[in-house]
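Enquirer: Provided herewith is a single structure, encoded as structure tokens, for subsequent inquiry.
The values are calculated or read from the model by the stated rules, or taken from the named source; none is laboratory data. Predicted, not measured: the structure shown is a model, and the values here were computed from it. Cβ placement follows ideal geometry from the backbone for every residue including glycine, while neighbour counts extend to all protein chains displayed.
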Amino acid sequence: MAFVVGGLYAAAIYMILRRSIVKLVIGLVLLSNAANLLIFTLADMSRGAPPLVPLGALQPAGAVADPLAQALILTAIVIGFGVLAFAVVLIHRAYEVVGVDDMDKMKDTDT
Amino acid sequence: MPMYSLILRSASHFLLPLLLLFSIFLLLRGHNEPGGGFIGGLVASAAIALYLFSMDVKAARQVLHIDPRELLGWGLTLAVLSGVPAVFWHQPFFTAQWLTLELPALGEVKLSTVLLFDIGVYMVVIGSVLTVLLALADADDARH
Amino acid sequence: MLFAVLSGFLLATVAPWLHRLFGRHSGWALGALPLGLFMYFGSFLPEIQQNGPLVIDYPWVPGLEIRLSFLVDGLSLLFAMLISGIGFFIISYAGRYLESHRDLARFYVLILAFMASMLGLVLSNNLIALFVFWELTSITSYLLIGFNHEDEDARKAALQGLFVTVGGGLALLAGLVMLGMVAGSYELSEILTQGEWLQAHPWYLPIVLLIVLGAFTKSAQVPFHFWLPNAMAAPTPVSAYLHSATMVKAGVYLLARCYPGLGGTQTWLFLLGVFGAITMLTGIVMAVRSTGIKRVLAYSTVMALGTMTMLIGLGTEKAILAAMVFLLAHALYKAALFLLAGVLDHGAGCKDFLQTGGLRRAMPISTLIAALAALSLAGVLPLFGFIAKELLFEATLQAPRWAWLFAFAAWSAAILVVAVAAIVGIRPWYGAPVQTPIPAHEAPPAMLLGPAVLALLGVFFGLFPWVIAYGLLEPAASSVYGQPISLPLALWHGFNLPLLMSVLSLVLGLLVYRYWDQLRAQTALLDQWVRFGPERGYEAAMQAMVRVAHWQTALLQNGYLRYYLMATLLSTVVLLLAALALNASAVQFYFDLSGVMLHEYVILAVLLAATVMAVTTRSRLGAVASLGAVGFGVALIYVLFSAPDVGITQILVETLTVILLVLVLFRLPRFLGLTSTALRVRDALIALTVGGTITLLMLSTISTHYFDSISSYFIENSQPEGYGRNIVNVILVDFRALDTLGEIFVLALAAVGVYAMIKLRADRLKKGES
């Protein structure tokens, strides 16, 4: 698992370091996936033990997966989507205004 | 943007109400089984997105009956308001309040501020996703 | 007391309205406040004389031991009465002097705020409160010096004053905090009783250096003296108030205040005594060298500040008393003279002594006042200045070390002071009448009242020193000295060495005045030397600062996102790896593949493959599709490892993401090969390093638990308290509902932002078309 997360991070960062803004966005998506997985992995992974309390019981039977991490990730995913939408539209607008996809050419604020 | 595929179109006609119902089901059972406001909201928005692709923007807006931005606002309002009742019982903001009703036909029904909050989340999710998608689709239409 | 200190701020907020209400009499109306304060502070005098110092306490930030407490003793009352008393004259004077100035209302606001800050400074018992007021005086004085903000010189002088005093303020803050830490209290009344403990402490030297640095910048001691004469760009009432009686004396106040705790050591004697003496001589030499009316007065103020610093440095009973007497005498005659400088400017248009002469017929009252004030400045027999001068000589003669040196320095300075007094008291008024820029006429009563009263007080206190000595000066000197001082003040001390010095200084001083013009011509060389003085250093330092800022900005803010990222990432990686390497023995890598099942391997492999695909593909559709694959792979992992909610969410979001990207990305250009292969390799290396570090980090932390997870609370209480069996959902909507609320707000904001970006443009397009 650690290798997968590491790989995702590497890929994400490689993409973010590119000059093309589109690639930057792809990098962002990868990065948010990687970060979510990182949290998920660090909070004890267990199979077949969802954090649900059986009907009629007060507490789950036996150990369950960490619900807090899941709650965190769940909101992170949704917010990640919101941010992504914002970023995508922002670069779209920027592209319309500036006419390039190259960040180096967007440096001047007075274009 | 609309893709004029007959199969997709007729399928989405049937799928839309089903998916919307399913999303409400997910929302309501969320407290006990997998589901909840976030998931329900996403399912509903995905359903309308599907409709949007098969028909067009206008149709999608009509299905919704309400501007997604309004949905967004009401959702936020509802979510905030759900925290208010606790204050009247001198409890911290957002302490959950439960009201158990015994209805003759349905048996025991639990109403709670938590449910209100989840509905708020549901509305906000639908509202924001659709605000973005519809705006984009609108812009796309304007272009063609 | 709190109200008394803050009333200046309160009145400042309504001053513009009052100004409009009272019109040209607003100076009198607003002056009522300082006058009332003066009486209020005066009413404390009998009490502290009987019961000793008074501490009035208001809690402010109790957690940080910051209390708004006020210390009322002789010293603070002397200053408070000077500030409020002279404040009254200044404000009523300014009402007339600046009558035609369109920003008079602003002047009232600033001067009242300044007065309140100054009162707070001298009355504060808490070190932090003292510092806050200290900085407030710096800021308000900055605004006052730059009052004529359309004048570049005024702006420059204001900024210079601000930089020097605020720079010193930083040192002061450090010194005060250290003092508070060492003493274990931030209350002056508690600190100052611990003199021996403080002086034996290893931090004593840094504390003294820092506090003295702060005081020196504020009180314009060499080498920070240059800002004071430049600050004369301010309107004359400001100069009279800030640079004679109040602000510049804040440093002197601080030194006097700290004397019981920090003073009396060799370091103290050396620092204050030597620098004070040097400042005294520098100031008076520069004063004789100048011709601008306010400049001469400003430099002679520098001299006075040096004298007081030196006296506090000497630290004998006599020296402390001399410092207090000198302080009062100086405040009286210097404020009067500054106000007269304003009268000269107002009534004759003169800003330079060389433009003046023979004004006594046109301005008889001013001439008289000037003569009285100048006699006090020179220290001539029946005036208060004489007592101050006698005490100064006596104190230096009895100095604990280098007595002759100090006495000689004081005596030489006194000669030139007499010359300055002659320049001020004789030059403009007597001799042949000179054509002045505007026809000379006497000033209105409002402008003469202040200088007249102040000058007459100099005469009165000189003739009857016991009036002021018993009630005010002795308590003040006692609170500085730490023990009761009772030295009778008398005009006549008998025939002794100080008297001889006094007489000689008078004679020599008048000689200097007689040959003033020649003297200035012959010492023109000094100007060359002055140009390389500390002011040059200040300017060089400012320029260097600007250059460093340019260089640093160019280096750090280069505008390339990826270089920022690289710097951030690489430093994180280096720090993390260093931490891992340093604790190598304690780190255990948890590496156990035994439990992994085949289908999980497959998913992970697919995930990695899709990732690689997303990175390397040249087609946009390919990139989006492989992104989708990555997302679904991650979702599968969630589902497999007991997170159904998260899995579902991930799948749905992934779907919507793809839709979104399809809607937008295809309007963007194709991927271009923007970078060379070498750069790609470099970036890939960086990326792999980061990825590898994360992997290592995870392997090393996965098995460690430093503290219990709070999840167990949620797991146990979900059903009993939250009435829900889906723990994740209960956390989201119940236990941590406030967090979720914040998150949906973020989501809503993003949506609104997107909507705005798209719709506003669409509207503009429509408008453009129609």
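Enquirer: Would a scan of segment A:45-64 turn up a residue that is more than 7 Å from every other protein chain (Cβ to nearest Cβ) and at pLDDT 75 or above?
Expert: No, segment A:45-64 has no match at all.
Enquirer: Do we have residue B:66 as under 15 Å from residue B:124 (Cα atoms), assigned to a loop (DSSP other than H, G, I, E, B) and away from chain C (no Cβ under 12 Å) here?
Expert: Numbers: under 15 Å from residue B:124 (Cα atoms): yes; assigned to a loop (DSSP other than H, G, I, E, B): yes; away from chain C (no Cβ under 12 Å): yes.
Considered against the rule, which asks whether it is under 15 Å from residue B:124 (Cα atoms), assigned to a loop (DSSP other than H, G, I, E, B) and away from chain C (no Cβ under 12 Å), residue B:66 comes out as yes.
Enquirer: Here is a follow-up. Return yes or no: is residue B:15 surrounded by fewer than 23 Cβ atoms within 10 Å (Cβ to Cβ), in a helix (DSSP H, G or I) and modelled with pLDDT of 80 or more? I'd like the intermediate steps shown before the answer.
Expert: Details: surrounded by fewer than 23 Cβ atoms within 10 Å (Cβ to Cβ): yes; in a helix (DSSP H, G or I): yes; modelled with pLDDT of 80 or more: yes.
The answer is yes for residue B:15.
Enquirer: Sticking with this structure for a sec: Given the criterion over 28 Å from the mean Cα position of the chain (by Cα) and over 25 Å from residue C:452 (Cα atoms), identify the matching residue among C:106, C:102, C:67. Please lay out each step first, then the result.
Expert: Numbers: C:106 fails: over 28 Å from the mean Cα position of the chain (by Cα); C:67 fails: over 28 Å from the mean Cα position of the chain (by Cα).
Criteria check complete, one pass: C:102.
Enquirer: What about residue C:298, is it surrounded by 24 or more Cβ atoms within 10 Å (Cβ to Cβ), on the phi < 0 side of the Ramachandran plot and modelled with pLDDT of 85 or more?
Expert: yes
Enquirer: Follow-up. Using beta carbons and a limit of 6 Å, which pairs, at least six apart or on different chains, have the first residue in segment B:6-34 and within 14 Å of another protein chain (Cβ to nearest Cβ) and small (Gly, Ala, Ser) and the second one part of a loop (DSSP other than H, G, I, E, B) and buried (at least 19 other Cβ atoms within 10 Å of the Cβ)?
Expert: B:30/B:36
Enquirer: With in contact (Cβ under 8 Å) with a residue 40 or more places away in the chain and among the polar types (S, T, N, Q) as the only criterion, which of C:100, C:124 stands out? Before the answer, list the steps.
Expert: Numbers: C:100 fails: in contact (Cβ under 8 Å) with a residue 40 or more places away in the chain.
Going through C:100, C:124 in turn, the sole match is C:124.
Enquirer: Okay, next question. Looking only at segment A:75-104, which residues are at pLDDT below 80 and not hydrophobic (A, V, I, L, M, F, W, C)?
Expert: Correct list: A:92, A:93, A:95, A:96, A:99, A:101, A:102, A:104.
So that you can scan it fast, the table gives a plain yes or no per residue for (1) more than 7 Å from every other protein chain (Cβ to nearest Cβ); (2) touching a helix residue (DSSP H, G or I) at 6+ places or on another chain (Cβ under 9 Å); (3) at pLDDT below 65; (4) closer than 23 Å to residue C:644 by Cβ:
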| residue | (1), (2), (3), (4) |
| --- | --- |
| C:695 | no, yes, no, no |
| C:701 | no, yes, no, no |
| C:706 | yes, no, yes, no |
| C:711 | no, yes, no, yes |
| C:720 | no, no, no, yes |
| C:734 | no, yes, no, yes |
| C:745 | no, yes, no, no |
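Enquirer: Among the residues of segment C:265-276, is there at least one that is β-branched (Val, Ile, Thr), in a loop (DSSP other than H, G, I, E, B) and closer than 30 Å to residue C:522 by Cβ? Before the answer, list the steps.
Expert: Taking segment C:265-276 and keeping what is β-branched (Val, Ile, Thr), we get C:265, C:267, C:274.
Of the ones still in play, those that are also in a loop (DSSP other than H, G, I, E, B) are C:265.
Adding the requirement that they be closer than 30 Å to residue C:522 by Cβ leaves none.
The answer is no; no qualifying residue exists.
Enquirer: Quick one: is residue C:349 surrounded by fewer than 19 Cβ atoms within 10 Å (Cβ to Cβ) and under 36 Å from the mean Cα position of the chain (by Cα)? Reasoning before the result, please.
Expert: Working: surrounded by fewer than 19 Cβ atoms within 10 Å (Cβ to Cβ): yes; under 36 Å from the mean Cα position of the chain (by Cα): yes.
Yes: the conditions hold for residue C:349.
Enquirer: Condition first: closer than 21 Å to residue C:633 by Cβ, buried (at least 23 other Cβ atoms within 10 Å of the Cβ) and modelled with pLDDT under 75. Can you find one or more residues in segment A:15-33 that meet it?
Expert: Yes, because at least one residue in segment A:15-33 is closer than 21 Å to residue C:633 by Cβ, buried (at least 23 other Cβ atoms within 10 Å of the Cβ) and modelled with pLDDT under 75.
Enquirer: Tally time: how many residues in segment C:634-652 are among the small types (Gly, Ala, Ser) and either surrounded by fewer than 20 Cβ atoms within 10 Å (Cβ to Cβ) or in a helix (DSSP H, G or I) (or both)? It would help to see each step written out before you state the result.
Expert: The initial filter retains those residues of segment C:634-652 that are among the small types (Gly, Ala, Ser), namely C:635, C:642-643, C:647.
Those still in the list that are either surrounded by fewer than 20 Cβ atoms within 10 Å (Cβ to Cβ) or in a helix (DSSP H, G or I) (or both) too: C:635, C:647.
Looking only at that region, the number is 2.
Enquirer: When you scan segment C:185-244, how many residues do you find that are outside any helix (DSSP H, G or I) and not charged (D, E, K, R)?
Expert: Going residue by residue through segment C:185-244, those that are outside any helix (DSSP H, G or I) are C:185-187, C:201-203, C:219-226, C:234-235.
Applying the additional criterion that residues be not charged (D, E, K, R) yields C:185-186, C:201-203, C:219-226, C:234-235.
Adding up the residues that qualify gives 15.
Here is a yes/no grid of residues against (1) farther than 20 Å from residue C:314 by Cβ; (2) part of a helix (DSSP H, G or I); (3) free of Cβ contacts under 8 Å to residues at least 12 places away in the same chain:
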position: C:367; (1), (2), (3): yes, yes, no
position: C:372; (1), (2), (3): yes, yes, no
position: C:381; (1), (2), (3): yes, no, no
position: C:393; (1), (2), (3): no, yes, no
position: C:411; (1), (2), (3): no, yes, no
position: C:420; (1), (2), (3): yes, yes, no
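Enquirer: A further question on this structure: Give the residues of segment B:35-56 that are more than 19 Å from residue B:117 (Cα to Cα) and either touching a strand residue (DSSP E or B) at 6+ places or on another chain (Cβ under 9 Å) or more than 10 Å from chain C (Cβ to nearest Cβ) (or both), sorted by residue number.
Expert: Taking segment B:35-56 as the starting set, the residues that turn out to be more than 19 Å from residue B:117 (Cα to Cα) are B:46-56.
B:47, B:48, B:51, B:54, B:55, B:56, listed by residue number.
Enquirer: Follow-up question, since we're still on this one. Of all residues in segment C:334-376, how many are of a type outside the set (D, E, K, R), farther than 13 Å from residue C:297 by Cα and modelled with pLDDT under 85? Don't jump to the end; show me each part of the working.
Expert: Just the residues of segment C:334-376 that are of a type outside the set (D, E, K, R), to begin with: C:335-344, C:346-350, C:353-359, C:362-376.
This time we only want the ones that are farther than 13 Å from residue C:297 by Cα, so: C:343-344, C:346-350, C:354-359, C:362-369, C:371-372, C:375-376.
Applying the additional criterion that residues be modelled with pLDDT under 85 yields C:346-350, C:354-359, C:362.
Total satisfying the criteria: 12.
Enquirer: Of all the residues that make up segment C:373-394, how many are buried (at least 24 other Cβ atoms within 10 Å of the Cβ) and over 37 Å from the mean Cα position of the chain (by Cα)?
Expert: Summing the residues that are buried (at least 24 other Cβ atoms within 10 Å of the Cβ) and over 37 Å from the mean Cα position of the chain (by Cα) in segment C:373-394 gives 1.
Enquirer: Another question about this same structure. Tell me yes or no: at least one residue of segment C:601-616 is modelled with pLDDT under 75 and closer than 25 Å to residue C:682 by Cβ.
Expert: First, pick out the residues of segment C:601-616 that are modelled with pLDDT under 75: none.
No: segment C:601-616 contains no residue that is modelled with pLDDT under 75 and closer than 25 Å to residue C:682 by Cβ.
Table: residues versus (1) crowded, with 21+ Cβ neighbours inside 10 Å; (2) within 16 Å of the chain's Cα centre (by Cα); (3) among the basic types (Lys, Arg); (4) at pLDDT below 85.
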position: C:132; (1), (2), (3), (4): no, yes, no, no
position: C:149; (1), (2), (3), (4): no, no, no, yes
position: C:158; (1), (2), (3), (4): yes, yes, no, no
position: C:168; (1), (2), (3), (4): yes, yes, no, no
position: C:196; (1), (2), (3), (4): no, no, no, yes
position: C:203; (1), (2), (3), (4): no, no, no, no
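Enquirer: Which residues, counting only those in segment B:75-91, are part of a helix (DSSP H, G or I) and either at pLDDT 80 or above or in contact with a Leu (Cβ under 7 Å, 6 or more places away or on another chain) (or both)? First the steps, then the outcome.
Expert: Going through segment B:75-91, the residues part of a helix (DSSP H, G or I) turn out to be B:75-81, B:85-88.
Within segment B:75-91, B:75, B:76, B:77, B:78, B:79, B:80, B:81 qualify.
Enquirer: Quick one: count up the residues across segment B:21-58 that are touching a helix residue (DSSP H, G or I) at 6+ places or on another chain (Cβ under 7 Å) and either in a helix (DSSP H, G or I) or at pLDDT 85 or above (or both).
Expert: To start, the set of residues in segment B:21-58 that are touching a helix residue (DSSP H, G or I) at 6+ places or on another chain (Cβ under 7 Å) comprises B:22-24, B:26-27, B:30-31, B:34-52, B:54-55, B:57.
Cutting the leftovers down to either in a helix (DSSP H, G or I) or at pLDDT 85 or above (or both) gives us B:22-24, B:26-27, B:37-52, B:54, B:57.
Looking only at that region, the number is 23.
Enquirer: Which helices (runs of 4 or more DSSP H) sit wholly inside segment C:1-104 and have at least 2 residues that are within 22 Å of residue C:256 (Cα to Cα)?
Expert: Details: elements: C:2-22, C:26-42, C:45-51, C:74-97.
Once the helices (runs of 4 or more DSSP H) in segment C:1-104 are filtered for at least 2 residues that are within 22 Å of residue C:256 (Cα to Cα), what remains is C:26-42, C:45-51, C:74-97.
Table: residues versus (1) more than 8 Å from chain A (Cβ to nearest Cβ); (2) crowded, with 21+ Cβ neighbours inside 10 Å; (3) at pLDDT below 80.
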{"site": "C:625", "(1), (2), (3)": "yes, no, no"}
{"site": "C:632", "(1), (2), (3)": "yes, no, no"}
{"site": "C:654", "(1), (2), (3)": "yes, yes, no"}
{"site": "C:666", "(1), (2), (3)": "yes, no, yes"}
{"site": "C:672", "(1), (2), (3)": "no, no, yes"}
{"site": "C:680", "(1), (2), (3)": "yes, no, yes"}
{"site": "C:690", "(1), (2), (3)": "no, yes, no"}
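Enquirer: Of everything in segment C:461-500, what is farther than 30 Å from residue C:195 by Cβ, surrounded by 15 or more Cβ atoms within 10 Å (Cβ to Cβ) and among the aromatic types (Phe, Trp, Tyr)? Give them in sequence order.
Expert: Result: C:461, single match.
Enquirer: Related question: So which residues in segment C:319-354 are among the acidic types (Asp, Glu) and in a helix (DSSP H, G or I)?
Expert: Here is the first cut: in segment C:319-354, the ones among the acidic types (Asp, Glu) are C:345, C:352.
The answer is C:345, and nothing else.
Enquirer: Identify, from the list C:503, C:453, C:512, C:459, the residue that is over 22 Å from residue C:417 (Cα atoms) and outside any loop (DSSP other than H, G, I, E, B). Outline the logic, then answer.
Expert: Numbers: C:503 fails: over 22 Å from residue C:417 (Cα atoms); C:512 fails: over 22 Å from residue C:417 (Cα atoms); C:459 fails: over 22 Å from residue C:417 (Cα atoms).
From the options C:503, C:453, C:512, C:459, the qualifying one is C:453.
Enquirer: In segment C:538-565, which residues are modelled with pLDDT of 80 or more and closer than 13 Å to residue A:16 by Cβ?
Expert: Result: no residue meets the conditions.
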